[in-house]
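This report refers to the structure that appears directly beneath it.
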Amino acid sequence: MPGELTTPERKAHAMTITTLNNYIDGGWVRSETTFKALNPADEKVIAEVPASTATDVDAAVTAARRAFADWRHVNPTVRARHLHSIGDIVKTRERELAEAITTEMGKTIGEATGEVDKLAKAFHFYAEEATRIHGEVIPNDVDGFASLVVQEPIGVIGAITPWNYPLELVGWKLCAALAAGCTIVIKPSQYASLSPALLFSCIDEAGLPAGVANLVLGGGETGPAVAGHPGFDKLAFTGSTATGGKIARGVPAAKPLTMELGGSCPMIVTDRADIDAAVAGAARRGFRNAGQICIAINRIYVHETVYSEFVDRLTAKVSELTVGNGMDPAVDVGPMATRAGVDVVDQHVRDAVARGATVTTGGTRIETLAPGNFYQPTVIAGCNPDMLVMREETFGPVVGVMPFSDLAKAVDLANGTEAGLAAYVYTGDLTQAHDLGRLLDFGNVAVNNVDAGIMNAPYGGRKGSGFGVEHGKAGLEGYLQYKHLRIQYGTRQ
Ligand code: NAD
């Protein structure tokens with residue numbers, strides 16, 4: 001294939017990742033044009049990245065289509081062995097992969113290591129699931145017929161992912177698709193190309209058959225080239241609600257879509273809550289990954305009887321967070337991934353203050369760490385529902401807090417935006433826990449904890465946060481389609 005690297009270049013690629021390449025049809029392939037990727041902690045150039053074109057995407061789709069003809073029939077135990085093998089290599093190369101994540105998008109090395117560990121577990125989880133894809137035999141209303149309902153792979157998958165969990169969000173799609181017998185072309189975010197490229201070097205090392213998994217790196221032109229390519233049988237997208245809407249409106253033909261979109265997640269703290277636990281939960285889910293999590297707590301509604309105590313304690317806890325380069329193990333909050341992200345955060349903070357809210361800690365960019373994209377972990381108290389922080393996704397190290405007196409009103413406010421991804425509740429009252437669990441209109445509701453996603457339960461949004469799920473058996477089913485096979489076998493005389 002034109003542009004394919006020679007064997008010495010392939011070996012060199014595994015050792016140095018400063019010049020990245022696409023991975024198409026089982027080999028590393030150069031792209032005509034490149035762009036520079038920057039470290040958000042200091043804006044230094046960390047890699048030359050392919051700006052893949054429609055031609056590159058087309059080559060990847062062609063390879064994936066050819067590979068699908070075989071991969072779909074590969075025995076599930078063999079598919080499982082491939083997935084286990086990649087998972088083992090990922091775990092062995094955990095540190096290298098984690099450093100790539102921290103360098104490209106800023107999260108702390110501890111969080112990045114946790115992400116790689118979860119990626120390895122996803123490979124093992126879906127390796128097991130690959131061997132459990134089975135069907136049903138359905139009774140017929142006339143004798144002599146058997147109806148077999150089987151599940152078959154959908155085909156060639158196009159996957160587009162964001163930068164905030166650059167490996168896990170690639171991994172959930174990749175693992176489930178391969179387990180199902182699909183082949184895949186993945187386009188990661190232009191703000192996080194290093195770790196996906198390293199993941200593909202793990203895939204290469206594991207000897208996955210050529211064309212089963214392909215990587216096309218790039219930004220502006222590459223995403224639309226994937227979304228608009230007629231050769232995909234399904235598109236799996238994770239990213240902002242705005243981009244998801246654009247893709248859904250523009251798909252060239254009717255085909256299955258999975259849309260994992262933006263959050264703006266509420267938290268309700270009732271008068272019966274354990275305030276220590278609620279504060280710890282808000283600090284964890286509001287500020288990990290510098291608040292750049294689709295399920296980050298964005299807006300907090302606190303019962304008026306515990307409001308002051310909650311704000312004081314949260315302010316104290318957040319003001320203790322250490323901000324700096326995520327490679328430093330003492331740091332709690334790294335830089336934000338992009339300057340545009342910092343601008344949105346600053347806009348939300350200024351809007352809240354202009355409308356009468358009070359910043360109790362943080363509230364500004366950290367100029368002493370410039371040119372890195374650093375923003376102080378920020379708590380805004382005295383918010384109201386009109387403020388941007390209480391109705392849009394901030395996607396940064398900021399939470400807005402407001403008091404409520406009537407729990408039903410708090411539920412209305414929590415449900416009152418387009419977001420439907422995750423909601424959090426703290427209460428010591430079982431009735432409140434069940435009522436709120438039932439009434440909150442979100443794909444994930446976590447009560448007295450803030451870890452709304454686990455590997456073997458379906459995870460997805462509703463309303464403006466998208467449709468379709470990842471994780472668990474349901475995540476695998478997103479890559480399968482039913483076939484009804486009705487056989488007439490005759491009747492016994
Ligand atoms: P984004 O929408 O800007 O980009 C996501 C991906 O889409 C990138 O790979 C980008 O290059 C590509 N893209 C951009 N425009 C495109 C187009 N017109 N056609 C095709 N592809 C295009 O999002 P982001 O800034 O990378 O990620 C942050 C967003 O992702 C947040 O809103 C966050 O909530 C969301 N997110 C959701 C989940 C979830 O599970 N629901 C998980 C993580 C992140």
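In region 173-180, is there at least one residue being open to solvent by less than 10 Å² (accessible area, probe 1.4 Å), within 23 Å of ALA47 (Cβ to Cβ), within 16 Å of the ligand (Cβ to nearest atom) and more than 14 Å from the chain's Cα centre (by Cα)? For region 173-180, residues open to solvent by less than 10 Å² (accessible area, probe 1.4 Å), within 23 Å of ALA47 (Cβ to Cβ), within 16 Å of the ligand (Cβ to nearest atom) and more than 14 Å from the chain's Cα centre (by Cα): absent. Which residue out of THR19, THR62, THR53 is modelled with pLDDT under 95 and either within 14 Å of VAL216 (Cβ to Cβ) or open to solvent by 70 Å² or more (accessible area, probe 1.4 Å) (or both)? The unique qualifying residue is THR19.
Cβ-Cβ distances below 6 Å connect the following pairs, each with a first residue in region 172-190 that is in a helix (DSSP H, G or I), a second residue that is within 10 Å of the ligand (Cβ to nearest atom) and among the aliphatic types (A, V, I, L, M), and a separation of six or more residues or different chains: LYS173/ALA159.
Scanning region 457-470 for residues that are of a type in the set (D, E, K, R) and in a strand (DSSP E or B) returns a single hit, GLU470. Restricting region 405-456 to residues that are among the β-branched types (Val, Ile, Thr) and part of a helix (DSSP H, G or I), the residue that is farthest from GLU260 (Cα to Cα) is THR431. Count of region 423-454 residues, restricted to those that are within 19 Å of the chain's Cα centre (by Cα) and open to solvent by less than 60 Å² (accessible area, probe 1.4 Å), is 10. For region 191-222, the set of residues classified as among the aliphatic types (A, V, I, L, M) and either within 16 Å of the ligand (Cβ to nearest atom) or free of Cβ contacts under 8 Å to residues at least 12 places away in the same chain (or both) consists of ALA192, LEU194, ALA197, LEU199, LEU215, VAL216, LEU217, listed by residue number. Mind checking whether some residue in region 353-373 is under 18 Å from THR102 (Cα atoms), hydrophobic (A, V, I, L, M, F, W, C) and open to solvent by less than 70 Å² (accessible area, probe 1.4 Å)? The answer is yes; a qualifying residue exists. Quick one: is ASP328 open to solvent by 10 Å² or more (accessible area, probe 1.4 Å), assigned to a loop (DSSP other than H, G, I, E, B), at pLDDT 95 or above and not hydrophobic (A, V, I, L, M, F, W, C)? Yes. A single entry from ALA236, ALA254, ALA242, ALA283 fulfils the requirement of being open to solvent by 10 Å² or more (accessible area, probe 1.4 Å), within 16 Å of the ligand (Cβ to nearest atom) and not polar (S, T, N, Q): ALA242. Scanning region 381-423 for residues being within 16 Å of the ligand (Cβ to nearest atom) and either closer than 26 Å to ARG350 by Cβ or in the same structural domain as ALA242 (by TED's automatic domain parsing) (or both) gives a total of 15.
The values are calculated or read from the model by the stated rules, or taken from the named source; none is laboratory data. Note that the coordinates shown come from a computational prediction; the quantities given were computed from them, not determined experimentally. Positions of Cβ are generated from backbone atoms using ideal geometry, with glycine treated the same way; all protein chains shown enter the neighbour counts. Calculation scope for accessible area: heavy atoms of the full protein, side chains included, ligands and nucleic acids excluded. Shrake-Rupley method; radii C 1.70, N 1.55, O 1.52, S 1.80 Å.
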